[in-house]
Amino acid sequence: MNGPMDQDAFYLINHFWARPWMDAAMAVASSWDFWWPFLIVGGLAVLVFGGFRARAMVLVAGLAVGMTDGVVVHSLKEIVGRPRPHEVLVGARTLDLAKARPRILAVGKPLKEKYSRPGDPPTRGNSFPSGHAANNFALATVAAVFYRRWGWLAYFPAALVSYSRIYVGVHWPSDVLVSCLLGAGIALLVTAGLGACWRRWGARVLPGLRAAHPTLTGP
C-alpha cells in the first residue's frame with residue numbers, strides 16, 4: 001500500500017529529523033482547533049474593513065477551500081481509504097496538543113506523544129488526501145493570485161502546516177505532496193472560474209462596482 005520510499009521518507013521526518021524544540025511548534029502548526037478562531041476573525045476583519053480586492057479574495061478563498069475540503073478531499077478519502085502511518089507502522093510517533101478549550105490554552109502544557117504498535121492493521125483509513133495540506137495550499141494560491149507582489153509568502157506557512165502533518169505522524173509524505181498540488185490546482189480553477197463569471201455577468205448584477213473593478217484580482 002505504501003512503497004519503501006514513502007515509508008523511508010516518513011521515518012526520516014517523523015523520527016530522524018525530529019527535535020525536541022520542534023515538537024511544540026509542529027503540534028501547534030498541525031492543530032486546526034488552534035488556528036480556526038484566528039482565521040475567522042481575520043477573514044471577518046477583511047470583509048468589514050478591506051477594499052474590493054481584499055473582500056473578493058476572502059470570498060474566493062472561502063469557495064476554494066469549500067470545494068477543496070468539502071467536495072474533493074472528502075470524496076477522495078472515502079474512495080481511496082488509505083490507512084494513516086500510525087495505523088500500519090510500528091513505532092510511528094504521533095504528537096498532539098493537550099486537551100483544552102479553547103485550544104490555545106494547551107500551549108505550554110505537555111504534549112500528547114504516542115508510539116504506534118498496530119496489531120491487525122485496518123484495511124481502510126482516511127490518510128489520503130491531507131485536508132490540512134490541500135486547504136492551506138488552496139488559501140496560499142488564492143493569496144498569490146490576488147496579491148502577486150507579496151501573496152506568494154503565504155506558501156511558507158502553508159508548507160509548514162503541510163510538513164507538520166508528516167512530523168506529527170498522521171500523513172505519508174506522498175499524501176502531503178499530492179494534496180499540496182491538488183489544493184493549488186483547485187484554487188486556480190475556482191479563481192479563474194469566478195473571475196470569468198465576474199467579467200461576463202458582473203456588469204448585469206453590480207454595474208457600478210463592475211465598472212470600477214473590471215477584474216476580481218485587480219490590475
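Here are some notes:
- Qualifying residues in region 70-83 (those that are touching a helix residue (DSSP H, G or I) at 6+ places or on another chain (Cβ under 9 Å), of a type outside the set (Val, Ile, Thr) and buried (at least 17 other Cβ atoms within 10 Å of the Cβ)) - the one farthest from residue 26 (Cα to Cα): 76
- Test for residue 199: is it touching a helix residue (DSSP H, G or I) at 6+ places or on another chain (Cβ under 8 Å), basic (Lys, Arg) and assigned to a helix (DSSP H, G or I): no
- Test: residue in region 149-160 that is in a helix (DSSP H, G or I), farther than 30 Å from residue 213 by Cβ and not aromatic (Phe, Trp, Tyr): yes
- For region 85-132, the tally of residues that are assigned to a loop (DSSP other than H, G, I, E, B), hydroxyl-bearing (Ser, Thr, Tyr) and modelled with pLDDT of 85 or more stands at 3.
Every residue, every condition in (1) surrounded by fewer than 21 Cβ atoms within 10 Å (Cβ to Cβ); (2) aromatic (Phe, Trp, Tyr); (3) without any contact (Cβ under 8 Å) to a residue 60 or more places away in the chain, yes or no:
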site	(1), (2), (3)
126	yes, no, yes
129	no, no, yes
137	no, yes, yes
141	no, no, no
153	yes, no, yes
160	yes, no, no
163	yes, yes, no
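- Options 57, 26, 67; residue that is farther than 18 Å from residue 184 by Cβ, hydrophobic (A, V, I, L, M, F, W, C), surrounded by 15 or more Cβ atoms within 10 Å (Cβ to Cβ) and modelled with pLDDT of 95 or more: 26
The values are calculated or read from the model by the stated rules, or taken from the named source; none is laboratory data. Here the structure is a predicted model, which is why all the values come from computation and not from measurement. Virtual Cβ from ideal backbone geometry, glycine too; neighbours counted across all protein chains shown.
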